[in-house]
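What follows draws every value from the coordinates through simple rules; no lab data is involved. Predicted, not measured: the structure shown is a model, and the values here were computed from it. Using ideal geometry, Cβ is built from the backbone for each residue, glycine included, and neighbour counts are taken over all protein chains shown.
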Amino acid sequence: MTFSGGGRACIGFKFSQREMKVILSLLVERFRFSLSDKNITWQMSSIAVPVLDKNSTKPQFPLKVELAK
């Protein structure tokens with residue numbers, strides 16, 4: 001049994017997706033996200049990719065994460 005589609009798909013697939021979204025929303029409420037002080041440049045190719053250095057090929061988008069009060 002797999003989570004993929006088709007006649008033999010897991011019957012709990014949609015339920016598990018909704019459950020993960022609920023848990024994620026509860027976790028996100030408890031944190032505050034803000035942009036870091038680093039300068040982010042967007043490389044434009046077939047998709048926009050955030051990088052810290054114009055010559056970098058590694059996508060990075062640093063965020064500050066703090067507990068919400």
- Message: Based only on other Cβ atoms within 10 Å, what is the fewest-to-most ordering of 53, 37?
- Response: 37, 53
- With the Cα gyration tensor of the range 5-48 giving a ≥ b ≥ c as the square roots of its eigenvalues, does the rule (a/c under 1.5 for rounded; else a/b larger than b/c for prolate; else oblate) give rounded, prolate or oblate? oblate
- Compute the long axis of helix 13-29 from its Cα atoms, compare it with the longest principal axis of the Cα atoms of the chain, and write down the angle in degrees, 0 to 90, nearest 10. 40 degrees
- Message: Give me a comma-separated list of calculated 3J(HN,Hα) values for the range 54-68, in order, Karplus coefficients 6.51, -1.76, 1.60 applied at θ = phi - 60°, integers in Hz, x for any Gly or Pro.
- Response: 4, 8, 7, 10, 8, x, 9, 9, x, 10, 8, 10, 10, 5, 6
- Dipole of the chain (Lys/Arg Cβ +1, Asp/Glu Cβ -1, origin at the Cα centre): which of 26, 50, 13 lies farthest to the positive side? 13
